[in-house]
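Following: one structure in structure tokens, then a few remarks.
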């Protein structure tokens, strides 16, 4: 009735980047090696995103991605906000190294695409349990306890995860899973309460990836709930995360019994607790220093408009005419439901200002009235704003990496098999989606 936490390290054949490199000839200038991923700051720029793509080492990623200090890419905030696409990432990596389509790096890119596929199929139903979990819905509390929010549970792995989330806006996927498992299966808090709390603090807070990942852990989006123990933490996390002598320092059998029992476990003894951590405020409106203004029809009257929103922060289209008005948009209807902390507002706002000095903040009715005076309005489609964008604009589909799967595929394994059927290499995957786009563009 439960999923033991087990990650098998992938034993790749030696990657080119792992092999010794012969010294360059004296007459040939050496190409500077990319900086290690861990040393790259999360700057809201295209240059920073591309530098991260150039630093990806697929072999090291596959071998070490489960460790908190492993060779993860840090590309998630750039993907969420549309600075780069999944296809651009894979194209950049494959330009340096050929990959099998089943390589772990490609496989993990697939999870993001799969969650978007589920969102497209199920719509707002992803915010409800997709099916029954290990306990009835009524067994789970709907509020996240203060000791979890304040990183004061006394359980090092959980308190470190919360402090890292607040301090950086990022959290390794493994740590997200540990945190979600503790919240749901040990403290008996509904997955939705945890998912709603976490997404506001994440730089990469994508509603599909975040909420469906919480459902996977909870067992409402997978066949079995996900559990972890102290031994697993000791294997993959730094020493300050280790949690010997705590509630998770036990067997998976014992944890499985806890997950199936309706009573929550207590917080750790008081002597284990640390100083409480203040949760950063979540802001439903952009901070004043970002310089957003109310929508004004006069600014776009009779003009072609390209709308830039927080999920389309990549390069502007090359076919924009010189007199096109580029308008940045913070839609209050969305942000009142899903507020962000200051760090994410600053990340998005800095890139938005690079793209356009004109940034609107307003509700859907006000935005719609202002855009009525425009000659034309276009933008990149995104499900976060799907209830509103088609009302005002011609929505352009973002570039896709994986082909459309028409058959219902509730499990990732089903979707993955159908997405990669008949393919052997990542290059073939890229070529197939490029051919489809050319056909669609010519029709």
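The values are calculated or read from the model by the stated rules, or taken from the named source; none is laboratory data. Just so it is clear, the model here is predicted, and its values are computed rather than measured. All Cβ positions, even for glycine, are placed from backbone atoms using ideal geometry, and neighbour counts span all protein chains on display.
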Checking residue 385 against (1) touching a helix residue (DSSP H, G or I) at 6+ places or on another chain (Cβ under 8 Å); (2) modelled with pLDDT under 95, the condition it does not meet: (2)
Unique residue being over 22 Å from residue 45 (Cα atoms), surrounded by fewer than 21 Cβ atoms within 10 Å (Cβ to Cβ) and free of Cβ contacts under 8 Å to residues at least 60 places away in the same chain when the list is 355, 316, 336, 320: 336
Residue check, residue 106 buried (at least 21 other Cβ atoms within 10 Å of the Cβ), in contact (Cβ under 8 Å) with a residue 60 or more places away in the chain and touching a strand residue (DSSP E or B) at 6+ places or on another chain (Cβ under 8 Å): yes
Qualifying position, being in contact with a helix residue (DSSP H, G or I) (Cβ under 9 Å, 6 or more places away or on another chain), buried (at least 18 other Cβ atoms within 10 Å of the Cβ) and closer than 20 Å to residue 291 by Cβ, among 327, 377: 327
Hits in segment 326-337 - residues which are in contact with a strand residue (DSSP E or B) (Cβ under 6 Å, 6 or more places away or on another chain) and farther than 14 Å from residue 367 by Cβ: 326
Criterion: more than 20 Å from residue 69 (Cβ to Cβ), surrounded by fewer than 23 Cβ atoms within 10 Å (Cβ to Cβ) and at pLDDT 95 or above - qualifying residue of 197, 214, 241: 197
Tally of residues being in a helix (DSSP H, G or I) and within 18 Å of residue 179 (Cα to Cα) across segment 255-266: 4
Some residue of segment 354-377 being closer than 27 Å to residue 205 by Cβ, in the same structural domain as residue 107 (by TED's automatic domain parsing) and either at pLDDT below 95 or not in a helix (DSSP H, G or I) (or both): no
Yes/no for residue 169 being buried (at least 19 other Cβ atoms within 10 Å of the Cβ), touching a helix residue (DSSP H, G or I) at 6+ places or on another chain (Cβ under 6 Å), modelled with pLDDT under 95 and not assigned by TED's automatic domain parsing to the domain that holds residue 413: no
Test for residue 241: is it in contact (Cβ under 8 Å) with a residue 12 or more places away in the chain and within 27 Å of the chain's Cα centre (by Cα): yes
Residue count, segment 293-321 (criterion: in contact with a helix residue (DSSP H, G or I) (Cβ under 8 Å, 6 or more places away or on another chain) and either outside any loop (DSSP other than H, G, I, E, B) or more than 24 Å from residue 196 (Cα to Cα) (or both)): 12
Helices (runs of 4 or more DSSP H) lying entirely in segment 125-219 (those with 2 or more residues that are under 19 Å from the mean Cα position of the chain (by Cα) and touching a residue at least 40 places away in the same chain (Cβ under 8 Å)): 156-168, 173-181, 191-199, 207-218
Segment 217-226: number of residues that are surrounded by 23 or more Cβ atoms within 10 Å (Cβ to Cβ) and closer than 10 Å to residue 177 by Cβ: 1
Which listed residue is at pLDDT 95 or above and assigned to a loop (DSSP other than H, G, I, E, B), from 248, 233: 248
Members of segment 200-211 that are touching a strand residue (DSSP E or B) at 6+ places or on another chain (Cβ under 8 Å) and either surrounded by 21 or more Cβ atoms within 10 Å (Cβ to Cβ) or at pLDDT below 95 (or both): 201, 205
Among (1) in contact (Cβ under 8 Å) with a residue 40 or more places away in the chain; (2) in a loop (DSSP other than H, G, I, E, B) - the single one residue 60 does not satisfy: (2)
Test result for residue 222, farther than 22 Å from residue 146 by Cβ, in the same structural domain as residue 262 (by TED's automatic domain parsing), in contact with a helix residue (DSSP H, G or I) (Cβ under 6 Å, 6 or more places away or on another chain) and assigned to a loop (DSSP other than H, G, I, E, B): yes
Residues of segment 390-426 satisfying the condition of being exposed (fewer than 11 other Cβ atoms within 10 Å of the Cβ), free of Cβ contacts under 8 Å to residues at least 12 places away in the same chain and part of a loop (DSSP other than H, G, I, E, B): 406, 407, 421, 422
Residue in segment 69-86 that is in contact with a strand residue (DSSP E or B) (Cβ under 8 Å, 6 or more places away or on another chain) and within 17 Å of residue 115 (Cα to Cα) present: yes
